[in-house]
Structure formats: structure tokens, C-alpha cells
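None of the figures in this text is laboratory data; all of them are computed from the coordinates on show. These numbers were taken from a predicted model, which means no experiment stands behind them. Ideal geometry is used to build each Cβ from the backbone, glycine not excepted, and the neighbour counts take in all protein chains shown.
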Amino acid sequence: MTTDRAMNVRVLVGSLRKASLNGMLANALISLAPSSMKLETVEIGQLPFFNQDLETTDTPTQWTAFRQRIKAADAVLFVTPEYNRSVPPALKNALDVGSRPYGSSVWDRKPAAIASCSPSAIGAFGANHHLRQSLVFLNVPTMQQPEAYLGHADKLFDEQGKLVNDGTRKFLQDFMQAFANWAETNRS
């Protein structure tokens, strides 16, 4: 399905910290995206933890708004740190909220990509792959190559959160072009 309109991409950042390295990475990815993509960050920290008892006629308004924003997207970009070799609770909760009620998941067949970073050498590899496992179950076609794990991310940004490494900038620009191609090919 090729259209002349920009592809609407929702960006979910797993870290809720104001000075988050993954937030800085998300901003860099947004700025390096091709013009065929319109990226918008969706805040996930305000989502009440998923509890099926709340899935009633009084479903939390935050859940409803979140589901509508993801459903309206053509693709999703996940940017995640690693917490104990997994994804942060806020990101896992967002996946759960979007996958319910059963049979009406907003994630189904929504093309995605994952980028992760960490001050450590392995760049949140564990979280990146753990998130991929959940996305397989949710039927989210996730871009496999190029993979984006940025190690030593505390050295990649200046005090204002701007990317300072030209090699990383080129890699991320190529990553976003590959994601645009992937999403265009896989969106329904």
C-alpha cells in the first residue's frame, strides 16, 4: 500500500526519566528520519497498570486515548533501555494495555523497529531481544536488520542531548531509512 501521505509513526520510549539516554536516542532518530515519515512520541508513563478488572464500561481514559493513537499509526518505533535484562515496566504495561481487550489488539500487523541504548558495552541487547519476543506474540512484524544497540551511549550525546558522533549519526540515519522501507512494505 503506497500513498503520497507521510507515514504516521508512533514512538514509544521505555525510560520515563527526563534526562534519559533513550529519550535522547528517540529524539535523534526522529530528527534523522526520512521525510516520508511523520514521527510522534506517545507518552506511556501516565498509563494505569493493566488490570482486567478495569476493562469495563469505565475503562481508564488514558487506555482509550493510548489505544486510539497506536491504532491510527502506520508503524511503531520502540526505544528501550534495559532493566534486569528485560524491558522497563512502563513499556511492558503499554504493550499489555494495547493488546486488550482480547481480540482487539492495536498492535496486530503494525510494522515496528526497535532501538536500544545503554552506558554499558552491549547497548541494552537483552531488552531489545526480550521486546522482540513479545512483539512476535502480538503479531508485530519487526524489522530484523539493521539492529540498533548503542553501547556507551553516555558518550554519544552532549549536555543538551544532541548526538555528537558522526558515525553514529550516519548509522541511525541508515537505520531510519531501512525502517521507512520496512514499514512501507509491511503496513496493512
Return the distance in nm (one decimal) between the two label points of a simple spin-label model at residue 185 and residue 31, each offset 7 Å from Cα along Cα→Cβ. 2.9 nm
Cα-based helix-to-principal-axis angle, 166-186 vs the chain, degrees rounded to 10: 30 degrees
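Starting from the stretch 1-99, pick out the GluC sites (Glu not before Pro) whose DSSP state is loop and whose Cβ has at most 16 other Cβ atoms within 10 Å. Don't jump to the answer; show the numbers that get you there.
Numbers: sites: 40, 43, 55, 82; in loops: 43, 55, 82.
In loop regions of the stretch 1-99 (DSSP not H, G, I, E or B), the sparsely surrounded GluC sites (Glu not before Pro) are 43, 55.
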For residue 145, placing the label point 7 angstrom along Cα-to-beta-carbon and taking the stretch 113-128, residues whose amide nitrogen sits under 20 Å are 113-116, 125, 128
Cα-based Rg then Dmax for the stretch 117-157, in Å, read 11.8, 35
Max mean-square fluctuation residue, GNM over the chain, Cα-Cα springs under 10 Å, options 142, 168, 57: 57
Mean ellipticity per residue at 222 nm, deg cm²/dmol - from DSSP H runs of n ≥ 4 across the chain, formula -39500 (n - 2.57): -11500 deg cm²/dmol
Starting from 0 in steps of 10 Å, tell me what percent of the Cα-Cα pairs of the stretch 31-188 lands in each bin. 10, 37, 36, 14, 2, 0
Cut-off under 5 Å, modelled amide H: who pairs with residue 41 long-range: 11
Only Cα pairs within less than 10 Å get springs; with that Gaussian network setup on the chain, which residue of 149, 83, 102 has the largest fluctuation? 102
Choice from 84, 22, 128 showing the highest fluctuation, given a GNM over the chain with Cα pairs closer than 10 Å: 84
C-alpha long axis of helix 61-71 to longest principal axis of the chain, angle in °: 60 degrees
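About its Cα centre, what dipole magnitude does the chain give when the only charges are +1 on Lys and Arg Cβ and -1 on Asp and Glu Cβ, stated in debye to the nearest 20?
On the way: 19 positive and 17 negative charges, 24 e Å.
Here the size comes out at about 120 debye.
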Using each residue's phi in the stretch 113-129, evaluate 6.51 cos²θ - 1.76 cosθ + 1.60 at θ = phi - 60° and report the 3J(HN,Hα) Karplus result to the nearest Hz, with x for Gly and Pro. 9, 10, 10, 9, 8, 7, x, 6, 6, 8, x, 6, 3, x, 5, 4, 6
Measure nothing fancy, just the Cα-based angle from helix 89-98's long axis to the longest principal axis of the chain, in degrees from 0 to 90, nearest 10. 50 degrees
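If Rh is defined by the Kirkwood formula over all Cα pairs and Rg also comes from Cα, what ratio Rg/Rh do you get for the stretch 88-129?
Over the Cα atoms of the stretch 88-129, Rg/Rh equals 1.08.
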List the relative contact order of the stretch 1-56 as a percent without decimals, with contacts defined as Cα pairs under 8 Å and 6+ residues apart. 47 percent
Grab the chain and count how many Lys pairs have their alpha-carbon atoms under 29 Å apart, sequence gap of 8 or more, or different chains. 21
Along the three principal axes, how long is the stretch 1-104 when you take its alpha carbons, biggest first, rounded to the nearest angstrom? 42, 36, 21
